[in-house]
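Below is one structure, written out as structure tokens, with a few remarks after it.
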Amino acid sequence: MAPLAAEYNRRRERRGGVAPRRWERWVTGGALALLAACRPAAPPASEPPRAPSTDTAAASGRPTAAPLSPAPSPSADTAAADGADVARAFVGETHGTTDEALVLASATCPELQSELQTNPNELASLRADAANLHRLGRQEADLDTPAVAAALAELDQALAALQSVLGQCGITPT
């Protein structure tokens, strides 16, 4: 295993998880987006059903029916719990991307050059992941939390540190 991959795995294990492979991160990110998009919408506001008028019911000899009650709506507690789960998973994904950027930023120039020769799409993929995380963080109402904002700020700092190291090593990102 490459030294950078081993360092990334050690960082993930310290956070209590295992290092995901690239495809696992995409599957998890897609699941987050799907979870956020598929939550039940609030029931539409409609007027309650009207009871039949008494003269029509009396004329036909049928008993009058009680008015129907509106369908129960999902509780606010359930929606808040779902939102908290989405935010927690999003923060975990953001930390994973941050760790990956920090591992690259902490590498020596020869290690970094070797890693980028082995995985030429590493930087582009890392930047795309970060851009997707920022886009989701802006679009989803459930992700408008201080924890998500802090995680995205950490990601920005890690990417800035990586950019600085790339400049010091004379590596121009493609």
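The values are calculated or read from the model by the stated rules, or taken from the named source; none is laboratory data. Values in this document were obtained by computation on a predicted structure and should not be read as measured data. When we count neighbours, we look across all protein chains shown, and the Cβ atoms used for this are built from the backbone with ideal geometry, even at glycine.
Please go through segment 146-174 and give me each residue that is in a loop (DSSP other than H, G, I, E, B) and among the aliphatic types (A, V, I, L, M), ordered by number. Matches in segment 146-174: I171 only. Pairing each residue of segment 104-115 that is among the acidic types (D, E) and assigned to a helix (DSSP H, G or I) with any residue that is surrounded by fewer than 19 Cβ atoms within 10 Å (Cβ to Cβ) and at pLDDT 90 or above, provided the two are 6+ apart or on different chains, yields C-beta distances under 8 Å for E115/E122.
Looking for something modelled with pLDDT of 55 or more, basic (K, R) and in a helix (DSSP H, G or I) - is there at least one such residue anywhere in segment 60-75? No, every residue in segment 60-75 fails to be modelled with pLDDT of 55 or more, basic (K, R) and in a helix (DSSP H, G or I). Tell me yes or no: at least one residue of segment 116-128 is surrounded by 17 or more Cβ atoms within 10 Å (Cβ to Cβ), part of a helix (DSSP H, G or I), more than 11 Å from the chain's Cα centre (by Cα) and among the small types (G, A, S). No, every residue in segment 116-128 fails to be surrounded by 17 or more Cβ atoms within 10 Å (Cβ to Cβ), part of a helix (DSSP H, G or I), more than 11 Å from the chain's Cα centre (by Cα) and among the small types (G, A, S).
Determine, yes or no, whether T78 is at pLDDT 90 or above and not in a loop (DSSP other than H, G, I, E, B). For T78, the condition - at pLDDT 90 or above and not in a loop (DSSP other than H, G, I, E, B) - is not met.
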